[in-house]
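Read through the structure below, which is laid out as structure tokens, and then see the notes.
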Amino acid sequence: MVANLDAEESWARIRRPGLPRPNLSRSARRRMSALGSLMRVYCRPGSRLWLPGPVDVERLPTYPGIHLPDLEFEPPNRLPAESPMWLWGTTEPWSSDPATVEVAARVNDRCYFLTLAERLGHSLPGARCFDSAADFHRFVELEPEISRAPWVLKASLSAAGRNRLIHRPQRHDPKHRQEPSEKSIRRLFHQHGSLLFEPWLDRVEDYGLLMEVGPTGMSDEPRLHRQQIGPTGGFAGIEISPALGLTQKQRDVVLRTAGDVAAQLAKDGYRGPVGIDFWTYRREDCEVALHPLGEINARMTFGRVARAWVDALFPSEDPSSHTFSLHFGPPSEASSRWVERLPLLIPGKDPEETESVWLEARSA
């Protein structure tokens, strides 16, 4: 098992070589390693799990049927010829096929995503990619209302809410006012080359869809879940529930969109797991609307990992009558709601090892 949660960094070096992109911070790599340890749910006796950095095995609770693998923290100089691997993302040195790595880098690029979303009629109004701070500022000068509305700039290859700038003018959100400086905008362009600009929507609920892409498109039954997202777009958890709050019409739109995305990914050469983010949001007229295509993650996702933990630890529970939450951080405050709460990752002895993950279950 390869928990290369830093896959986007590898893809960025392929898509935009030569950029002075800094290495991931120590804290980001530590968090990736801790959360990557959740991939042990797929391990069997004798399995090995590679992580971007060290994790103390005492932080990893054990349960019947869950095998604690040998942990490795340095990429090998040479891989065994017949080495079956399960990757978080298809990157070097883990894949021996450069073409497969190139495809993964291309389809995970947010500028590729924007082109696909436009083709399918699901791009956000005004969304576009910029290759320089100068181009972005010319756009703002020509569209002065942009400076009065909330928006976000995202690095074309990044994940988990990293490498983004959010603009929230005071009149829109006095409590969470954010106005990125000129210096921070230029720095983000300097480090990442291309950035995706999107309007910042007043989200009501965030969701995810899981699917597998084969030679002709979607090759399995797609599965939906709710996502827990922080105020700046950072990922906080997964909720698997039979009651997601979507109408049948909304589900139909989401599934049809996922099928279209899968067909295009297959045509462009991608094979493997895919997660799609989508959400409902409140329009200016206060009506709630659906945005069926928020982002594409052509790799493993925590939604898939969450389902694997549920299957492993609650094999006899009926998924149609229970709600499960994979919660990143301290246990849920609404503890009385949960009939069972199991730690999957606990804080370490080091004061900096604060990450924790809980799997919580209750009757729906």
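Read-outs throughout are calculated quantities, based only on the coordinates presented, and are distinct from any laboratory measurement. Source: prediction; values computed, not measured. Because the Cβ atoms are built from the backbone with ideal geometry, glycine has one as well, and the counts that use them run over all protein chains shown.
Summary of computed values
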| item | result |
| --- | --- |
| Mean shadow area of segment 210-250, taken as a quarter of the surface of its Cα convex hull (nm²) | 4.4 |
| Sites V339 and D97, calculated FRET efficiency, Cβ-Cβ separation with R0 51 Å, nearest 0.05 | 0.65 |
| Inter-label distance, nm, simple model (7 Å from Cα along the C-beta direction), S47/A236 | 3.0 |
| Two-site FRET efficiency, S181 against A127, from Cβ-Cβ distance with R₀ of 22 Å, rounded to 0.05 | 0.45 |
| Contact order relative to length of the chain, as percent, for alpha carbon pairs under 8 angstrom and 6 or more apart | 17 |
| Cα Rg, Dmax (largest Cα-Cα span) when computed across the chain, Å | 20.5, 61 |
| Computed [θ] at 222 nm, helices only, for the chain once each DSSP H run of length n ≥ 4 contributes -39500 (n - 2.57) | -8000 deg cm²/dmol |
| Segment 223-337 - percent relative contact order, Cα under 8 Å, separation 6 or more | 30 |
| Kirkwood-based shape ratio for segment 110-198, expressed as Rg/Rh from alpha carbons | 0.95 |
| Point-to-point label distance, D285-Q191, nm (Cα→Cβ direction, 7 Å offset) | 4.1 |
| Length gained when the stretch K267-A312 is fully extended (0.36 nm per residue, less Cα-Cα span) | 12.8 nm |
| Hz values of 3J(HN,Hα) by residue in segment 130-146 - Karplus curve (6.51, -1.76, 1.60), Gly and Pro given as x | 10, 9, 7, 5, 4, 4, 5, 5, 5, 4, 5, 5, 6, 10, x, 5, 4 |
